[in-house]
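The values are calculated or read from the model by the stated rules, or taken from the named source; none is laboratory data. The model shown is predicted, which means the values in this text are computed figures rather than measured ones. Glycine gets a Cβ as well: all are built from the backbone with ideal geometry, and neighbour counts include every protein chain shown.
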Amino acid sequence: MASSPPVKTPRYIELANTFRLQIEQGILRPGDRLPSFVQIREQYGVTAATVERIYKHLEKDNLVIREQGRGTFVKEPETLPRTGVIGIYGVTTAQHPYFVPLIDGWQSAAAKAGMELLLLHNDTPLEPGKVDGVLSCDTGFFKQHKFDLIPAGMPCVTATINAPNYVSVIGDEYQAAYDLTQYLLQLGHRRIAYMYDPYLAPRLLGYRNAMRDAGIEVQESWLRTVAYDLTPECTYSSASHMRMQQWLTQDWEQLGCTALMAHNDDTAMGVILALSEAGYSVPHQVSVTGFDGTAPGRYFSPSLTGAAMPLRDIGLAAMELLLRMMEGETMQPSTVVLPLQLIEGASTAPPAHIASS
């Protein structure tokens, strides 16, 4: 499946979001005057038409009011009745093993507070007064600047993704990928391939830095992307199966890689299926690692070596932070980072030349 590049945000939306965040964080308070046309044009180097679009965008979000001859001012926030509902963006399939522990953590904390969860469609703007707060776990959400869908001033926390200018709870994916690469290096692997998702850069960076620190230069031919514009018909498993089949007919054999790190457990299972179909033995000829530590990876044959995300703990911590924000606690943008655990499965082993010596 072909991957499309992330959507580039128009300049006026970028600047409108800058002012929006200043309002949400209390830097600009009700009654404060926004910079004038001339000030914005000079500071940001934009046209008068762009400034006009910035103001209109903020007016649409009911954040500012323009007064003829005086300027543009921050409005008093409207007080809406509580709904007892928290909106969730980013859950594509509630039954998927990745989301089950995450949702369990959310529900556990929400139930104690007497709140209910509502799954939201990722492209649907959220009307004010529909929910009391929002959680997002969609990796493409802030990359495509979809936070614009959320009403201004609504409490929002992200789980599993590190969103700039928001409170986020994530796993230490960089360190986990670094440690997982080191684990393969300690087994004796030197030519380690990686099938990765471009949206989750920390995992790839951890791999690259671990290889660099081991004195190994990563060849770009060792890398392949797995589609990140996924649908119910094209999953990580099916996309990686197809990508690995293609790789096997291209230059896989010539590369001489004895191990492959997969973006996540679904990707690893698709890769292993393609390798097995082509007559490769895992792990005797090729070691394969997963990532996330989902239940299917533990019971797959061979069981997956990988890094386990503390998904329930992430969900629990994110919901607790959101509930505090909903009660009026002011929180500056910050990131809570939880450690991952390395899981040794049966999908990895020393390379054949070491194992036979």
For the condition out of contact with any strand residue (DSSP E or B) (no Cβ under 8 Å at 6 or more places or on another chain) and at pLDDT 95 or above, what is the one hit in 329, 277?
277
Cross-chain or 6+ apart pairs with Cβ under 6 Å, the range 289-316 first and at positive phi, then assigned to a helix (DSSP H, G or I):
292/265
For the list (1) within 25 Å of residue 322 (Cβ to Cβ); (2) surrounded by fewer than 20 Cβ atoms within 10 Å (Cβ to Cβ); (3) touching a residue at least 12 places away in the same chain (Cβ under 8 Å), I need the number of the one condition that residue 121 fails.
(3)
Looking at (1) at pLDDT below 85; (2) among the small types (Gly, Ala, Ser); (3) outside the structural domain of residue 132 (by TED's automatic domain parsing), which one does residue 49 not meet, given that it meets all the others?
(1)
Please go through the range 173-189 and pick out each residue that is surrounded by 24 or more Cβ atoms within 10 Å (Cβ to Cβ) and among the aliphatic types (A, V, I, L, M).
176, 177, 180, 184
Here the residues within the range 291-307 that are within 9 Å of residue 347 (Cα to Cα) and either at pLDDT below 95 or not in a strand (DSSP E or B) (or both) are 301, 302, 303, 304
Determine whether the range 218-230 contains at least one residue that is basic (Lys, Arg), over 18 Å from the mean Cα position of the chain (by Cα) and not assigned by TED's automatic domain parsing to the domain that holds residue 91.
yes
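Every residue, every condition in (1) without any contact (Cβ under 8 Å) to a residue 12 or more places away in the chain; (2) part of a loop (DSSP other than H, G, I, E, B), yes or no:
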{"residue": "23", "(1), (2)": "no, no"}
{"residue": "29", "(1), (2)": "no, yes"}
{"residue": "42", "(1), (2)": "yes, no"}
{"residue": "50", "(1), (2)": "no, no"}
{"residue": "53", "(1), (2)": "no, no"}
{"residue": "57", "(1), (2)": "no, no"}
{"residue": "77", "(1), (2)": "no, yes"}
{"residue": "103", "(1), (2)": "no, no"}
{"residue": "111", "(1), (2)": "yes, no"}
